[in-house]
Amino acid sequence: MKRKLLLAGLSFFCLLFAKAQHYDFPSPVSFSLGLSGAADTTVWSLFSNPAGISSVETPAAGVGYHNAFLTEALSSQTAFGVVPLSLLNAGVVYSRYGNQLFNHQHISLSIGRSVAPYLRMGVRFRYVMRTIKHAETADAFTFDAGFSLDASEKVTLSVFGRNAAGQSLKDEFSEQPLASFLAVACNVKLSPTFGVIADIMHRNNLSRQIYGFGMSARVHSTVELRGAISAKPVRLAFGTTIRWEGIELTMGANHHDQLGLSSTAGIVWHFEGKGGGEK
């Protein structure tokens with residue numbers, strides 16, 4: 001009986017905490033900055049809109065680390081790779097969130113393809129497994145999809161749906177919802193080196209909208225700077241990407257108005273050329 005009460009209490013705590021914490025690894029160029037990631041066209045779109053990987057031109061692999069609110073127990077790690085093929089681009093991801101007492105592990109396969117010069121589409125299949133010490137493991141399969149449409153040479157509209165079926169992790173004590181949302185973003189290139197992004201994300205499990213506005217500027221051939229602000233909750237964010245030969249170092253951080261600072265960092269290796277961004 002004591003064991004059941006302990007597990008029930010831990011599960012209830014996890015359900016409460018799920019409202020504040022996102023268990024997927026956050027992309028340092030989008031979600032870590034408070035943006036939905038619908039407009040992402042970099043390798044990091046493996047963690048957001050899968051249509052974005054259709055813009056990746058060279059094989060790449062990377063690793064990343066995320067720390068939420070400066071608490072080690074809330075950290076997550078990931079390893080991933082993308083391979084451009086003749087008919088489509090494919091990417092695989094493994095990520096782990098939490099510690100030995102409570103953790104989530106994700107394995108996903110993303111596929112992206114340019115179906116026209118102005119239209120890119122992508123899908124993601126993901127297996128999610130949750131482990132609580134001394135409790136039965138819970139797992140689920142989820143499905144994500146998205147597309148990006150070039151309305152003009154400077155304006156791109158993107159739509160991204162995560163976990164459209166609203167899958168949850170269930171065990172004998174509780175049901176834990178997984179992130180489920182629909183996001184729409186507009187990316188405007190004001191110049192070859194400067195652009196702005198506006199997006200809105202509706203989280204189904206919380207019945208609320210998150211609004212975000214970001215900008216990026218390439219201040220040097222090897223350095224790109226980013227900034228963003230989002231509301232509900234209010235977050236101020238900044239990030240950067242430094243490129244050298246075939247290596248990219250990307251960092252992003254945001255400050256939650258109540259919970260504090262979170263940061264994400266990752267390294268990507270491009271095996272041919274210096275790619276990494278958009279086509």
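The values are calculated or read from the model by the stated rules, or taken from the named source; none is laboratory data. Note that the structure is a prediction, hence the values are computed from the model and not measured. Cβ atoms come from the backbone with ideal geometry, glycine included; neighbour counts cover every protein chain shown.
What to note about this one:
- As a summary of the residue check, residue 57 satisfies the conditions (1) in a loop (DSSP other than H, G, I, E, B); (2) under 17 Å from residue 23 (Cβ atoms) except for the one numbered (2).
- Test: residue in the range 40-54 that is part of a loop (DSSP other than H, G, I, E, B), polar (S, T, N, Q) and more than 14 Å from the chain's Cα centre (by Cα): no
- Residues of the range 70-89 satisfying the condition of being in contact (Cβ under 8 Å) with a residue 40 or more places away in the chain and of a type in the set (Ser, Thr, Tyr): 76, 78
- Number of the condition not met by residue 196 [criteria: (1) β-branched (Val, Ile, Thr); (2) more than 25 Å from residue 121 (Cβ to Cβ); (3) modelled with pLDDT of 95 or more]: (2)
- Qualifying residue in the range 188-208 (condition: more than 29 Å from residue 231 (Cβ to Cβ) and surrounded by 15 or more Cβ atoms within 10 Å (Cβ to Cβ)): no
- Verdict on residue 242 being in a strand (DSSP E or B), in contact with a Leu (Cβ under 6 Å, 6 or more places away or on another chain) and either under 19 Å from residue 188 (Cβ atoms) or of a type in the set (A, V, I, L, M, F, W, C) (or both): yes
- Total residues in the range 117-139, condition out of contact with any Lys or Arg (no Cβ under 9 Å at 6 or more places or on another chain) and farther than 13 Å from residue 172 by Cβ: 12
- Every residue from the range 233-279 that is among the polar types (S, T, N, Q) and at pLDDT 90 or above: 240, 241, 250, 254, 262, 263, 264
- Residue in the range 215-232 that is among the acidic types (Asp, Glu), modelled with pLDDT of 95 or more and touching a His at 6+ places or on another chain (Cβ under 9 Å) present: no
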